[in-house]
Amino acid sequence: MLREKPKLFTIGQFAALHGINKKTLMWYDEIGLFKPAFIHEENGYRLYSYYQSTELEVILLLRDMNVPIRDIQEFMKNRSAGSMADLLRDKISELDRTIQGLKAVRSKLCSRRQEMTELLDLDLSEISLIEREPQYLATVQTSPEKSLEEEIELILEQTKKYQLPRMYQTPYGSMLPVENLLARRFEDYSKLFIELPDTQNRMGLHRRPGGVYLRAFCIGNWDRLPARYEAILRYAEQHHLQFSGYAYEIGINELVIDRIEDYITKIEIPVLNFN
């Protein structure tokens, strides 16, 4: 035969029963959120009833859901199945958004890890042809009148617009029109870009086409890019390649270097006539 549960618990016993600190119960009492069933007149001890457990567990549930104390106080005054259903619906929607965001972060971190692993085995002197999937980019126009700081501010605005809270979550870089490349105007960039995760709203975005790309790397600061582009043009001439669109530049190791001399720029250019 089961023993009858005690009718009253000390604050320490009741806190232990629910896996919380007794200071939490003292605070709940002070703010009027959850009061003891009985306060001993002689010693002022707080005593709690076993039947208060359900009410406390509701409060703990809402706290685990990060519901503000003020909202919990209001809810506890007017508890009902309907209000609980509404509250849970809102929190589930919030959690779904958080989970989506965390999945996006995880995906990007996995991509970054793969990039770092591949970086160890790359032949950075090699010029090669690769296949690329289409990618949508958010872009901002550049001009000689804009300072680097102003251009960075514009790209940061794009990360906020597309709800990318951190720059590390997406590759970003520069776009050099092919006509400027062929004219050897290697510093006449037209746009900065950030890659976007899959998005259904593609209005106003730049579509980087899928297909064959020439890929090359440049080690060092940006002053070394013109010499690398000269090598790319020689390679294209030797292999009878024609370019289209833009040369896309992305820094691939900025997370792991301290010196600009170690900076690696990846260059990818769509090839028009490859069979």
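The values are calculated or read from the model by the stated rules, or taken from the named source; none is laboratory data. On a predicted model such as this, the values are computed, not experimentally measured, just so you know. Ideal geometry is used to build each Cβ from the backbone, glycine not excepted, and the neighbour counts take in all protein chains shown. Only protein heavy atoms, including side chains, enter the accessible area calculation; ligands, DNA and RNA are left aside. Shrake-Rupley method; radii C 1.70, N 1.55, O 1.52, S 1.80 Å.
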Quiz item: How much length is gained if the chain between residue 118 and residue 224 is pulled fully straight, taking 0.36 nm per residue apart and subtracting their Cα-Cα distance, in nm to one decimal?
Solution: 35.9 nm
Self-check item: Overall dimensions of the stretch 6-78 by Cα: Rg and Dmax, Å
Solution: 12.1, 38
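To the nearest 500 deg cm²/dmol, what mean residue ellipticity at 222 nm is calculated for the chain from DSSP H runs of n ≥ 4 alone, each contributing -39,500 (n - 2.57), summed and divided by the residues? Walk me through the numbers on the way to the answer.
Values: 8 runs with 111 residues, N = 275.
Theoretical 222 nm ellipticity from helices: -13000 deg cm²/dmol.
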Self-check item: Cα-based Rg / Dmax (Å) for the stretch 30-164
Solution: 27.2, 87
Practice problem: Could you compute the FRET efficiency for residue 16 and residue 235, with r as their C-beta to C-beta distance and R0 at 51 Å, rounded to 0.05? | Solution: 0.10
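FRET efficiency for residue 242 and residue 262, Cβ-Cβ distance as r, R0 = 51 Å, nearest 0.05? The partial results should precede the final answer.
Numbers: r = 33 Å, r/R0 = 0.65.
Plugging the Cβ-Cβ distance into 1/(1 + (r/R0)^6) gives 0.95.
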Exercise. May I ask for the angle, rounded to the nearest 10°, between helix 148-161 and the longest principal axis of the chain, with both axes built from Cα atoms and the value confined to 0 to 90°?
Key: 50 degrees
Quiz item: Could you name the lysines in cross-link range of residue 91, using Cα to Cα under 28 Å and dropping any fewer than eight places away on the same chain?
Solution: 22, 23, 35, 77, 103, 108, 160, 161
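Of the listed peptides 208-214, 91-97, 52-58, what is their order by residue-averaged count of other C-beta atoms within 10 Å, with the highest listed first?
On the way: 208-214: 17.1, 91-97: 11.7, 52-58: 14.3.
Ranking, from highest mean packing down: 208-214, 52-58, 91-97.
Please state the charge dipole magnitude for the chain, taken about the Cα centre, from unit charges on C-beta atoms (+1 on K and R, -1 on D and E), reported in debye and rounded to the nearest 20. Don't jump to the answer; show the numbers that get you there.
On the way: 36 positive and 41 negative charges, 232 e Å.
About 1120 debye.
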Practice problem: With springs only between Cα atoms under 10 Å apart, run a GNM on the chain and tell me which of 138, 37, 231 wobbles the most. | Solution: 37
Practice problem: Note the angle between two axes, namely the Cα long axis of helix 225-238 and the longest principal axis of the Cα atoms of the chain, as a number of degrees from 0 to 90, rounded to the nearest 10. | Solution: 60 degrees
Self-check item: Charge context of residue 131, other residues only, Cβ under 14 angstrom, K/R +1, D/E -1
Solution: +1
Practice problem: Quick one: divide the alpha-carbon radius of gyration of the chain by 2.2 N^0.38 Å and tell me what you get. | Solution: 1.63
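With +1 assigned to the C-beta of every Lys and Arg and -1 to the C-beta of every Asp and Glu, and no other charges, what is the dipole magnitude of the stretch 123-271 about the Cα centre in debye, to the nearest 20?
Values: 17 positive and 24 negative charges, 91 e Å.
Around 440 debye, computed over the stretch 123-271.
Mean separation of Cα pairs under 8 Å and 6+ residues apart, divided by the residue count of the stretch 188-263: what relative contact order is that in percent? If you can, show how the numbers build up before the last one.
On the way: 22 pairs, mean separation 25.5, N = 76.
So the answer I get is 34 percent.
For residue 216, what charge total do you get from the other residues with a beta carbon under 9 Å from its beta carbon, if Lys and Arg give +1 and Asp and Glu give -1? Show your work: numbers first, answer last.
Values: positive: 215, 228, 266; negative: 126, 268.
Once positives and negatives cancel, what remains is +1.
Accessible area per residue for the stretch 123-271 in Å², computed with a 1.4 Å probe and the full protein assembly in place, what is it?
That works out to 57 Å² per residue.
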Quiz item: So, counting K/R as plus one and D/E as minus one, what does the shell of residues with Cβ under 11 Å around residue 10 add up to?
Solution: +2
Quiz item: Out of residues 5 or more away from residue 247 or on other chains, whose amide H comes under 5 Å of its own, with H placed 1.01 Å from N in the peptide plane?
Solution: 176, 178
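Can you tell me what percent of all Cα-Cα pairs in the stretch 123-271 are more than 18 Å apart?
Working: 6494 of 11026 pairs.
Here the tail beyond 18 Å accounts for 59 percent of pairs.
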Quiz item: Considering the alpha-carbon set of the stretch 62-135 alone, what are its Rg and its Dmax in angstrom?
Solution: 23.2, 70
Quiz prompt | Relative contact order, percent, the chain [alpha-carbon distance under 8 Å, six or more residues apart] | solution = 16 percent
